[in-house]
Amino acid sequence: MEVRDELEAWLRANLPWEYGRGLPPRFEDLAEEVAFGRDWQRRLAADRWVGVTWPVEYGGRAASAVDNFAVQEELARARAPELVGRIGVNLVGPTLLAHGTADQRQRWLPRILDASDLWCQLFSEPDAGSDLRSLKTRAVSVEGGWRLTGQKVWTSYAQFADWGLCLATDARITCFAVDMTAPGIDVRPLVQLTGEAEFNEVFLTDVFVPDDSVIGAVDDGWRVANSTLSAERGVNPRQLVIHIQLVEELLRLALERGGFDDHRVRQRLAQAFVEVKVFQLHNRRTLARLTRGEEPGPEGSALKLYWSEMSKRLHDTAMTVLGPESSLFGPWQRSWLYYHAASIFSGTNEIQRTIIGERVLGLPR
């Protein structure tokens, strides 16, 4: 495929480590990791390797969903870093393309692609995680805009974000683009099991948002949010890239440590490899829908449910291969701790099962 060959040549010339063999550096400080990620994404975007399906006028290539999938697979094969601006690229960008005005798209989309602006997702609240209809952040209409007051939680990279995609209600839900430097915003990092603080609480106190930062129509935020969540749970290039890399590392680890000598471990390694391949096929099924001009649909919940459970099994196998060293702390142990949250973030598995039962299988509520 032409796009795959072109990207491979670009990566061989631009990756700061050996193609397909090196790994992105590990940073002790999250701010250093974000700075590295912004520089890497800027270089990718300069040659239009970010948001490849987006229109050319906003910095994309107007490529097909199939081409985008090929790009993500090639990035995985090259062991390229994740996009630091992935929330903007994967969630906010598609939302703006579907519901934003022409001015909003021109204002934000190019800066999302090159990581000039990082975005966070201000959806979840302490009492409204996967059940977003019960959110309590208030939006009060004032002259020239709105005043937002409330609390959000589990907000990835909020401490580095320039903008936040926020849901708030004045009886019905509206979607807003919030300037994260505006007066009244207080970001408080949450330390995770890994010892890092990727997630945050965000408190909004009388934060002013102008009318031109409303995404979609006023009171139509639920429809806008569902379009965002469909992008999050449909084709999932981010987790596909990560798990292709993880299973390759797991097989290398097993070869080095004699993991294939034990027939029980050998079966689990084979299962991990097959399940990642099935994950790719799930993505390709959703791709087929997109190429027909269809939305990802509620079947995206099946994909999210599948990979979150798959990831836990893969990491448990890695801990078995490590043996006594599994009690120490290193890259695999950190990843094992992190992916314990996979069944919670992006919508809990309980919510995904409910969506599958009601909207896919047609079961009663």
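For the stretch 46-71, a tally of residues being over 20 Å from the mean Cα position of the chain (by Cα) and assigned to a helix (DSSP H, G or I) returns 4.
Inspection of the stretch 129-152 identifies at least one residue that is over 22 Å from Gly93 (Cα atoms), among the acidic types (Asp, Glu) and not assigned by TED's automatic domain parsing to the domain that holds Ile344.
Would you call Gln151 touching a Pro at 6+ places or on another chain (Cβ under 8 Å) and not in a loop (DSSP other than H, G, I, E, B)? Taking the combined requirement at face value, the residue satisfies it.
Within the stretch 31-45, does at least one residue satisfy the condition of being crowded, with 19+ Cβ neighbours inside 10 Å, over 17 Å from the mean Cα position of the chain (by Cα) and more than 30 Å from Gly195 (Cβ to Cβ)? Yes, because at least one residue in the stretch 31-45 is crowded, with 19+ Cβ neighbours inside 10 Å, over 17 Å from the mean Cα position of the chain (by Cα) and more than 30 Å from Gly195 (Cβ to Cβ). When Ala272, Ala225, Ala197, Ala254 are checked against the criterion of being assigned to a helix (DSSP H, G or I), in contact with a strand residue (DSSP E or B) (Cβ under 9 Å, 6 or more places away or on another chain), of a type outside the set (Asp, Glu) and touching a residue at least 24 places away in the same chain (Cβ under 8 Å), a single residue qualifies: Ala225. Taken together, the residues in the stretch 289-328 that are within 19 Å of Ala65 (Cα to Cα), more than 21 Å from the chain's Cα centre (by Cα) and in a helix (DSSP H, G or I) amount to 1. If only residues of the stretch 305-363 that are modelled with pLDDT of 85 or more and basic (Lys, Arg) are counted, the one that is farthest from Glu198 (Cα to Cα) is Arg353.
The values are calculated or read from the model by the stated rules, or taken from the named source; none is laboratory data. In this text, all values refer to a predicted model and were calculated from it rather than measured experimentally. Using ideal geometry, Cβ is built from the backbone for each residue, glycine included, and neighbour counts are taken over all protein chains shown.
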